[in-house]
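The next block holds one structure in the form of structure tokens; read it before the comments.
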Amino acid sequence: MGDAIKFGTDGWRAIMCDGFIFKNVKIVVQAIANYLRDSGERKKGVVIGYDTRFCAEDFAQVCASVLIGNKIPVFLMKKAMPTPVTAYSIKIYDAVGAIMLTASHNPPKYNGIKFIPEYAGPATPEITSQIEKEINAIFEGGQVSSAEILDSELLNIVDPVDEYLEHIKSLVNFDAIRKARLKIAFDPMYGSGQDVMKRLLEEAGCDVYPIHDFRDVLFGGSLPEPSSENLSELRSLVLEKAADLGLALDGDADRFGIMDDKGQFLTSNQALAILCLYLLEDRKLKGKVVRTIATTHLLDEIAAKHGAKIEETPVGFKHIGQIMLREPVVIGGEESGGLSVLGHIPEKDGLLANLLFVEAVAKKGLSLSNLIDEIYSKYGCFYSQRLDVNYPYDKKEKLLSNLKDNPPSLICGHKIAEILTKDGVKFLLEDGSWILVRPSGTEPLVRVYVESRSEETFKSLKNYANTLLG
């Protein structure tokens with residue numbers, strides 16, 4: 001029974017009217033309440049945020065009714081709110097945690113629940129495991145408490161945007177952006193970041209040209225994922241308005257998408273490199289650079305040049321967030337479009353990321369394409385790509401075991417220098433190229449990541465990927 005509700009890399013997600021129904025939402029929230037029962041901090045309250053998906057407000061009120069039924073104060077968002085703003089609100093209201101209702105960039109029929117602990121970052125596997133145990137206990141006969149929230153003394157309707165904006169102003173040079181008077185094309189993809197991002201850009205003195213900045217629970221019939229193929233209208237807008245940048249957000253605004261003044265989409269790897277160099281070289285920030293195992297090694301080169309240590313983590317921002325809690329991290333990023341920086345919460349934030357790109361362009365006086373060309377001239381070109389390959393669920397473990405136990409002797413004529421198995425199987429080649437095979441945890445897919453400094457080797461690695469999968 002409880003097996004129907006499992007927390008993945010970023011919370012629990014399911015199809016609405018199937019697994020994601022009011023009954024199951026109540027069970028998950030009761031499990032969170034039970035998890036908080038022994039913390040001694042539950043009286044501090046829990047923040048509830050939600051994105052722009054179908055029935056989002058109704059699901060949020062159900063969450064509030066369960067928490068109030070458990071005598072836990074609630075800080076319920078007045079309107080749809082980005083995940084990073086919801087997470088930062090834990091600090092604003094001194095809460096014990098937050099519940100965020102979102103399925104991020106998933107198709108419109110999905111919704112989900114993220115539990116964000118008191119440190120305002122993704123929950124660790126240990127925490128989600130405890131919540132799953134509580135879910136199973138409820139299915140086996142536990143009780144769900146709920147109460148009317150109308151006029152409850154425990155209910156607080158909140159709007160934390162002003163406080164969030166003041167915090168962002170401490171991390172971003174608004175004065176430099178104002179002087180540049182940049183023109184920004186902006187696509188929030190019908191998601192919860194639309195109003196907050198527009199306000200941030202306008203307060204920074206930018207001329208903003210938005211599209212898709214209203215609620216559409218079907219996300220225009222597409223996915224709220226800021227990928228090149230989903231941003232053709234933003235590309236056209238950049239060219240039509242002669243904009244300096246094109247900015248995009250996913251459905252809950254924790255991931256960014258970015259284009260230069262010619263409408264060219266920058267990959268997350270390229271964008272991370274631009275910010276990494278800017279923060280280390282221009283801002284002269286001190287600390288570690290952290291990336292996931294699937295993210296470009298160009299960051300390693302930039303970090304080494306500036307005397308910064310680099311650390312590689314498994315995929316999932318929760319791993320980056322835990323390092324940010326322990327020590328100074330100049331930038332932590334992942335190739336899927338998530339990042340955070342020194343001084344911010346240990347949660348990925350597309351709003352902050354977009355503003356930092358604007359600042360970099362304003363301060364440097366160069367376009368994004370000029371900035372990435374400058375990086376390649378200093379560090380050489382890095383060719384990177386992720387390939388998604390359909391692969392049966394029941395064969396994934398056998399695939400990984402075979403790659404670990406029987407690795408190839410050569411890959412595209414290059415010897416293997418090292419094999420990493422912290423997340424999937426990653427083959428580091430002697431020339432610095434690498435290939436990572438990592439099964440998806442939620443879909444019948446295997447993701448293969450390849451990177452090389454040589455365009456010829458890069459093409460060979462892409463062709464080789466299929467032979468690795470048998």
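Taking segment 314-333 as the range and being in contact with a strand residue (DSSP E or B) (Cβ under 8 Å, 6 or more places away or on another chain) and in contact (Cβ under 8 Å) with a residue 60 or more places away in the chain as the test, the residues that pass are PRO314, VAL315, GLY316, PHE317, GLY321, MET324, GLY333.
Looking at this structure, is TYR93 among the aromatic types (Phe, Trp, Tyr), outside the structural domain of SER222 (by TED's automatic domain parsing), at pLDDT 95 or above and over 20 Å from the mean Cα position of the chain (by Cα)? The answer is yes for TYR93. Here the condition is being at pLDDT below 95, of a type outside the set (Phe, Trp, Tyr) and crowded, with 17+ Cβ neighbours inside 10 Å; of LEU410, LEU399, it holds for LEU399 alone.
Just one of the listed residues (PHE186, PHE214) is aromatic (Phe, Trp, Tyr) and surrounded by 15 or more Cβ atoms within 10 Å (Cβ to Cβ), and it is PHE186. From ALA87, ALA80, which residue is within 25 Å of VAL315 (Cβ to Cβ), of a type in the set (Gly, Ala, Ser) and outside the structural domain of LYS318 (by TED's automatic domain parsing)? After ruling out the rest, the residue left standing is ALA87. Residues in segment 348-378 that are surrounded by fewer than 24 Cβ atoms within 10 Å (Cβ to Cβ) and outside any helix (DSSP H, G or I): 3 in all.
Check whether at least one residue in segment 254-261 is over 27 Å from VAL450 (Cα atoms), in the same structural domain as LYS364 (by TED's automatic domain parsing) and either at pLDDT 95 or above or among the hydroxyl-bearing types (Ser, Thr, Tyr) (or both), and report yes or no.
Yes: one or more hits.
If you check LEU101, LEU67 for being over 24 Å from LYS198 (Cα atoms), buried (at least 24 other Cβ atoms within 10 Å of the Cβ) and not polar (S, T, N, Q), only one passes: LEU67. Only one of the numbered conditions (1) surrounded by 15 or more Cβ atoms within 10 Å (Cβ to Cβ); (2) of a type in the set (S, T, N, Q); (3) over 21 Å from TYR110 (Cβ atoms) is not met by ASN230, and that is (3). A single entry from ILE331, ILE345 fulfils the requirement of being outside any strand (DSSP E or B) and not assigned by TED's automatic domain parsing to the domain that holds SER452: ILE345.
The sole residue among ASP51, ASP94 that is buried (at least 20 other Cβ atoms within 10 Å of the Cβ) and touching a helix residue (DSSP H, G or I) at 6+ places or on another chain (Cβ under 8 Å) is ASP51.
Restricting LEU299, LEU325 to those that are at pLDDT 95 or above, outside the structural domain of PRO117 (by TED's automatic domain parsing), assigned to a helix (DSSP H, G or I) and touching a Phe, Trp or Tyr at 6+ places or on another chain (Cβ under 8 Å) reduces the list to LEU325. If you take the residues in segment 379-396 that are loosely packed, with under 12 Cβ neighbours inside 10 Å and more than 25 Å from the chain's Cα centre (by Cα), which one is nearest to VAL446 (Cα to Cα)? Filtering segment 379-396 for residues that are loosely packed, with under 12 Cβ neighbours inside 10 Å and more than 25 Å from the chain's Cα centre (by Cα), the one nearest to VAL446 (Cα to Cα) comes out as PRO392. Going by the conditions given, is ASP162 of a type in the set (D, E, K, R) and at pLDDT 95 or above? Yes, satisfied. Taking segment 440-452 as the range and being surrounded by fewer than 18 Cβ atoms within 10 Å (Cβ to Cβ) and either charged (D, E, K, R) or within 18 Å of ILE419 (Cβ to Cβ) (or both) as the test, only GLU443 passes. Selection of segment 119-164 for residues being out of contact with any Phe, Trp or Tyr (no Cβ under 9 Å at 6 or more places or on another chain) and within 22 Å of VAL315 (Cα to Cα) yields TYR119, THR124, GLU126.
The rows are residues; the columns are (1) surrounded by 15 or more Cβ atoms within 10 Å (Cβ to Cβ); (2) part of a loop (DSSP other than H, G, I, E, B).
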| position | (1), (2) |
| --- | --- |
| ILE157 | no, no |
| GLY191 | yes, yes |
| LEU201 | yes, no |
| LEU223 | yes, yes |
| PRO226 | yes, yes |
| VAL238 | yes, no |
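Filter segment 107-133 for residues that are of a type in the set (S, T, N, Q), under 20 Å from GLY338 (Cα atoms) and surrounded by fewer than 23 Cβ atoms within 10 Å (Cβ to Cβ) and give the result. Scanning segment 107-133 gives a single hit, THR124. The residue of segment 165-183 that is surrounded by the fewest Cβ atoms within 10 Å (Cβ to Cβ), among those that are touching a residue at least 60 places away in the same chain (Cβ under 8 Å) and in a loop (DSSP other than H, G, I, E, B), is SER170.
The values are calculated or read from the model by the stated rules, or taken from the named source; none is laboratory data. Source: prediction; values computed, not measured. FYI the Cβ positions are ideal-geometry reconstructions off the backbone, even for glycines, and counts take in every protein chain you see.
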